[in-house]
Each structure stands twice: as structure tokens, then as C-alpha cells.
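These notes are about the structure you will find just below.
The values are calculated or read from the model by the stated rules, or taken from the named source; none is laboratory data. None of these values were measured; they are calculated from a predicted model. All Cβ positions, even for glycine, are placed from backbone atoms using ideal geometry, and neighbour counts span all protein chains on display.
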Amino acid sequence: MTSPPPFVGAYPPDGSFWVPSTEAAKYPWRYGDLVTTPADAKSYGAVDSKERPWRALMLTHPSCELGVKGAPNGVQAVRVYWLREVSQRQRTQVILGFAEVNGHTQVTRANQVYLAPVPGHASLGERMYADLRQTVRIPAEVLLAAGRVSAASHDARLAVLRRDVYFRYRWALSLDDVLSLEQVRIESDTAFAGPRPQWAAARTDRS
Amino acid sequence: MTLATFAPGEPLERVGHRELRDKLGPMLEKISASHSAVEVVNRGRSEAVVVSHDMYTVLLASQRELDDVRDSVALLLAAVAAGAAVPSDTLDRLGIIIPVDLDALQAFQATYPVRITHGEDGQRLGRTPVLSLESYADYVDEPDEFVDVDE
């Protein structure tokens, strides 16, 4: 590892969460990216109980299918909320991912993933969270037309993966566990597209 | 069973090596049944304490609880110092209210390595097994002969 991620907690600092917009074009669409809700959101169930479109979507689809394989059955994504839509107590629980209960540190809001504000964005320039329980599948071409709001940094993706794994399987992996898995995966991937994370340079010892 | 079985300040029953050897079976049965403990001495010097398995389990769990509390006290002190409003039953009970500053909280969590001890439903989390990644690279690339059922 050449340079570790700039965080040791549940999430990177807000300033390291998203790829700067000036560099985003270099990064292919990946799991964890923030995407605009399509105009015809209702067709895909991406609307609230009053039929208003969700604030945005976070991609939970496997990154590899967002590229050459084309996600033939639609791209999986989850609902994004503004953090201010929930109580003050819940906001703190989402930001931390845990609470102290009777001397223990206990996971809270396992289905909710904190998302940092997108700098300069009119409606998503504030704290948000994604709800892993509220899923939709939307054709890739529809999402491509709607556009990506922001690309998750490699560091943020570690945090989202860790949260998702706990939510789905109750595997309480440490940040180091997830980092090691991603490091090996990316270092070994000779076809890795876009800039690599600083902590996973390309391996040169493959036979 | 609780640690109260050990009365603080009350001396333990003591046995010497020879007595322990001669009465091992009955003594172990007694320890197991009464959840008590016996101190093993050799020439007047204490060498070991024999406890029932149940009591040993309780002692281990108590040590783990103590480790948790030690970690969470350190966490809460650090959070208070940083002005980070960590949601906390303990702080609530003590009436300590930290004004919520989400910027401070987000910055704090990024830099403080928290060991999560319990799952969302309150159950203690086990240790993650050490992963062996040595052969992982062999499986990264899909062999061409795999059939993709989606196509």
C-alpha cells in the first residue's frame, strides 16, 4: 500500500467523499456513484408516497456490469434522502453508523449509508443518506441519459461496501478488512479503468 | 450465574498439591456443582485457582465487558473534547448534552478508530476471521469458456 485512505472511521471526511467534478470524467460509472433520478421516475418506482421523484439514486449495481457487460436487466440503485429529512438523533447515528449503548458500541441504521454533500450542487449540496432497503432497477440507457451527479471516491466506496456487507450479510468487517480485499482486487485487475486508488497500485509481478 | 458467587474479601478454600491429587475427582465435582473456586497452594505459596467452567466463562465475559467499557469511555471522552455529539446512552443518563454540530461529528468519526462491539440488534459481534488473499488473483479474470446466461 503506498498511501492509506485518509480516514479510520466509518466514512472519509466530507472533502474526500466525491471525486472532484473536474476529474470525474476520468472515472467510469461504478457502484456507489450518485446518479440523477430519471425524469420518468414513476415508471421505475423511484418516487415517494406522494409520487415525487426521489432526491437522487446511489448505484448498488456491480461495477463491472456498468461497463462492457451493459447491465442487461437494468441497473440496481437505491433511494437517496437529504439527511435533514430525519430527526437530529438519527442524523448523528447515520453519520457515525453506531451509537454507544450501555458501554458498548452498537451498529445503528444498518440500512442507511451516509453521503457527503456534493460541492456546488443546487439540490444535493447538503448531507444525504442512501437507504439500502429501497431498491429499483432502471435501464442503463435511462440512467446514462439522466446523468451522474458525482463519482464516489475510491475511499468512499470502501465505506459504502463495508456498510452494504454488514446490511446484507451481517459481516462486521473492519475498514482494514475491506481495504485489503479491495486492494488485492484492484491491484490484480490489469483492465482497471480510470485512476487507481493511491492504496492499490498496479501489480507488476503477475505471470 | 454472576460474579457475586465470589464474595469479595472472603478467603477461598485452599488445598495442597497432595490433597488435590488424592481428591481430584470429588473436588472437581464439588467445584463444578457449587460454582465455587479452590486455591491450590504449594508449600504455603498460592500457585493456581481452580474454578468451574461456568465461572470461567463468566470471568471471561466480564473481562470482555470491561474492555468494551474502557474503549467506550475513551471514545466518549474524545468525542466530548472534540465537541462531537456521539449518540450515547451513558451521556444521556449522566445528563451530559453536547450541542449537535454535524461538521464536528463527521470530522471526528473520520479520525477516531472505533471498535464496533455489537450488532444492530444488540448481539455481540464475533471476531472476523483472518482472510487468506494469496490466491485471490487467480480468480479475478473470468475464464473465456464460462457461458454467460444473460446473453
(request) Return yes or no: is residue A:2 touching a residue at least 40 places away in the same chain (Cβ under 8 Å), crowded, with 21+ Cβ neighbours inside 10 Å, more than 14 Å from every other protein chain (Cβ to nearest Cβ) and not aliphatic (A, V, I, L, M)? (result) no
(message) So the check is Cβ under 8 Å with 6+ separation or different chains; which pairs have a first residue in segment A:156-175 that's at pLDDT below 95 and in a helix (DSSP H, G or I) and a second one that's among the basic types (Lys, Arg) and surrounded by 18 or more Cβ atoms within 10 Å (Cβ to Cβ)?
(response) A:175/A:162
(request) Being assigned to a helix (DSSP H, G or I) and not aromatic (Phe, Trp, Tyr) narrows it down to one of A:92, A:22, A:37, so name that one. (result) A:92
(request) Select from segment B:91-102 the residues that are within 7 Å of chain A (Cβ to nearest Cβ) and either in a loop (DSSP other than H, G, I, E, B) or of a type in the set (Ser, Thr, Tyr) (or both) and list them in ascending order. (result) B:100
(request) Answer yes or no as to whether residue A:124 is outside any loop (DSSP other than H, G, I, E, B), touching a residue at least 24 places away in the same chain (Cβ under 8 Å) and aliphatic (A, V, I, L, M). (result) no
(message) For segment A:51-89, give me each residue that is at the interface with chain B (Cβ under 9 Å from one of its Cβ atoms), assigned to a loop (DSSP other than H, G, I, E, B) and either polar (S, T, N, Q) or under 30 Å from residue B:74 (Cα atoms) (or both).
(response) A:73
(request) Mind listing whichever residues of segment B:103-121 are surrounded by fewer than 22 Cβ atoms within 10 Å (Cβ to Cβ), more than 7 Å from every other protein chain (Cβ to nearest Cβ) and modelled with pLDDT of 95 or more? (result) B:103, B:104
(message) Let me spell it out: the conditions are (1) at pLDDT 95 or above; (2) under 30 Å from residue B:103 (Cα atoms), and residue A:38 meets all of them except one. Which number is the exception?
(response) (2)
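One line per residue, one yes/no per condition, for (1) surrounded by 11 or more Cβ atoms within 10 Å (Cβ to Cβ); (2) part of a loop (DSSP other than H, G, I, E, B); (3) modelled with pLDDT of 90 or more; (4) out of contact with any Asp or Glu (no Cβ under 6 Å at 6 or more places or on another chain):
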{"site": "B:41", "(1), (2), (3), (4)": "yes, no, yes, yes"}
{"site": "B:50", "(1), (2), (3), (4)": "yes, no, yes, yes"}
{"site": "B:63", "(1), (2), (3), (4)": "no, no, no, yes"}
{"site": "B:66", "(1), (2), (3), (4)": "yes, no, no, yes"}
{"site": "B:69", "(1), (2), (3), (4)": "yes, no, no, yes"}
{"site": "B:74", "(1), (2), (3), (4)": "yes, no, yes, yes"}
{"site": "B:79", "(1), (2), (3), (4)": "yes, no, yes, yes"}
